[in-house]
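What follows is a single structure, written as structure tokens, with notes after it.
Bear in mind these aren't lab numbers, they're just calculated from the coordinates by the rules spelled out. These numbers come from a predicted model, not from an experiment. Methodologically, a virtual Cβ is constructed for each residue, glycine included, from the backbone with ideal geometry; neighbour enumeration extends over all protein chains shown.
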Amino acid sequence: MRGFVGDVGDLAKHALGKAGVRPREDLDEAVAHELADCLWSLCVLADAYGVDLEDAFERTMRSLTERLERAGDEQRATADGRGPSV
């Protein structure tokens, strides 16, 4: 777990670089490396906790897609005057 937290921290530093706060010459390569490190750590954690990561990812993506589609439908209905404005 500490490895994952460290990898996410390193990725956050590079994200600041992408935002112009912490520039670095090899930033794209560094971001790619840290993303790969984070992915590896997630796979290790999933294995340790007995999580089928592929199944969990697919379920989460379905849920997010449905939520975004509902939000889009609600925005369209509000813009068309068919629903409550928020």
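Dipole orientation for the chain: of the candidates L39, G81, A71, G81 has the Cα lying most toward the positive pole (charges on Cβ; Lys, Arg +1; Asp, Glu -1). About the centre of its Cα atoms, the stretch 1-62 shows a dipole size close to 360 debye [charges on the beta carbon of Lys, Arg (+1) and Asp, Glu (-1) only; nearest 20 debye]. Take every Cα pair under 8 Å whose residues are at least 6 apart in sequence, average their separation, divide by the length of the chain, and the relative contact order is 22 percent. The distance between label points at R67 and M1 comes to 2.4 nm (points 7 Å beyond Cα on the Cα→Cβ vector). Taken over the C-alpha atoms, the chain has Rg and Dmax values of 19.0, 52 angstrom.
Note on the stretch 1-50: semi-axes of the ellipsoid equivalent to its C-alpha gyration tensor, largest first and rounded to whole Å, are 24, 10, 6.
Which order do S41, S63 fall in if you start with the one that has the fewest other Cβ atoms within 10 Å?
S63, S41
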